[in-house]
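The values are calculated or read from the model by the stated rules, or taken from the named source; none is laboratory data. Since this is a predicted model, take the numbers as computed values, not measurements. Don't worry about glycine lacking a Cβ; one is built from the backbone with ideal geometry, like all the others, and counts go over all protein chains shown.
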Amino acid sequence: MSNRLISEILKEPDAYFLLQEAHNALEDEKTRRIAFYNDSTEQEKVEFINGEIIVHSPVMKRHNSATVLLSRLMSIYADIHQLGFVGIEKIMITLTRNDYEPAICFFKKEKSDCFTEKQTLFPAPDFVIEILSEGTKKRDRGVKFQDYAAHDIEEYWIIDPDNQTIEQYHLEEEGYELILKSSEGNIKSFVLTDFQIPIQAVFDEGTNLEMLKKIM
């Protein structure tokens, strides 16, 4: 896609000026991004996307419940098997142009062993999970979907707490491939080695606790 866009620009007689304008705009964006880092606080959930600061609204209980239930299983499983680090909600990942705070993200041990206790900006994780809401679903399926794939984040789950479904995507040569979309059965991660759970463990406390007993 990038090669096609460049080819189209180079067909224009003012290609140089177009590219110069784009360069200047990105330099201005870089300045605003630095200001964003300086002004961000731990109290806010904010992201920097294509030059715009996105401040998130408080989440609904069902959104929070899905995050808590899944992150609990992932964190305990990753700790027991010493697989890496699970970040929740306020972990800011900084990609080439944008900064995101995913609902849940996982870094393999070879990455997470380099993290420090005072670190606030993190590299691209190996596995990202977003919980859909009315205000975020367009970005979760749009710019984030494209950006996560472009930065080789191997696995991406999109969770819909309203319909209690999980979409599982795995990175292939052409981008993310949909592996599963369901509200029933089990789901097995590609990245978090041998991590397999019932889909309902993300939405139902009883099922989650049963799975937690098996993990421990």
Okay, strands (runs of 3 or more DSSP E) sitting entirely in segment 1-100 with 1 or more residues that are free of Cβ contacts under 8 Å to residues at least 24 places away in the same chain, I get 52-55, 84-88
Out of segment 101-119, which residues are assigned to a loop (DSSP other than H, G, I, E, B), more than 24 Å from His63 (Cα to Cα) and not basic (Lys, Arg)?
Asp113, Cys114, Phe115, Thr116, Glu117, Gln119
State all residues of segment 162-216 that are assigned to a loop (DSSP other than H, G, I, E, B) and under 16 Å from Ile131 (Cβ atoms); if no residue qualifies, say none.
Asp162, Asn163, Gln164, Ser183, Phe203, Asp204
In segment 163-176, anything surrounded by 12 or more Cβ atoms within 10 Å (Cβ to Cβ), closer than 19 Å to Lys144 by Cβ and either in contact (Cβ under 8 Å) with a residue 60 or more places away in the chain or more than 16 Å from the chain's Cα centre (by Cα) (or both) is listed as Thr165
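Within segment 178-186, is even one residue buried (at least 18 other Cβ atoms within 10 Å of the Cβ) and out of contact with any Pro (no Cβ under 7 Å at 6 or more places or on another chain)? First the steps, then the outcome.
Here is the first cut: in segment 178-186, the ones buried (at least 18 other Cβ atoms within 10 Å of the Cβ) are none.
No - not one qualifying residue is present in segment 178-186.
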Failed condition for Ala103, given (1) without any contact (Cβ under 8 Å) to a residue 60 or more places away in the chain; (2) more than 19 Å from the chain's Cα centre (by Cα); (3) in the same structural domain as Asp126 (by TED's automatic domain parsing), with all others met?
(2)
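One line per residue, one yes/no per condition, for (1) under 29 Å from Leu121 (Cα atoms); (2) touching a Lys or Arg at 6+ places or on another chain (Cβ under 7 Å); (3) among the aliphatic types (A, V, I, L, M); (4) not assigned by TED's automatic domain parsing to the domain that holds Glu101:
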{"residue": "Ser7", "(1), (2), (3), (4)": "no, no, no, yes"}
{"residue": "Leu10", "(1), (2), (3), (4)": "no, no, yes, yes"}
{"residue": "Ala15", "(1), (2), (3), (4)": "no, no, yes, yes"}
{"residue": "Leu18", "(1), (2), (3), (4)": "no, no, yes, yes"}
{"residue": "Ala22", "(1), (2), (3), (4)": "yes, no, yes, yes"}
Filter result for Glu130 (in a loop (DSSP other than H, G, I, E, B) and out of contact with any Phe, Trp or Tyr (no Cβ under 7 Å at 6 or more places or on another chain))
no
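On the basis of being buried (at least 16 other Cβ atoms within 10 Å of the Cβ) and closer than 21 Å to Phe107 by Cα, does Ile199 make the cut? Spell out how you get there, then give the answer.
Numbers: buried (at least 16 other Cβ atoms within 10 Å of the Cβ): yes; closer than 21 Å to Phe107 by Cα: no.
No; evaluated as a whole, the condition is false for this residue.
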Odd one out for Phe115, checked against (1) over 10 Å from the mean Cα position of the chain (by Cα); (2) closer than 20 Å to Leu73 by Cα:
(2)
Answer residue from segment 50-96, given it is surrounded by fewer than 16 Cβ atoms within 10 Å (Cβ to Cβ) and of a type in the set (D, E, K, R) and is nearest to Ile166 (Cα to Cα) among those:
Arg62
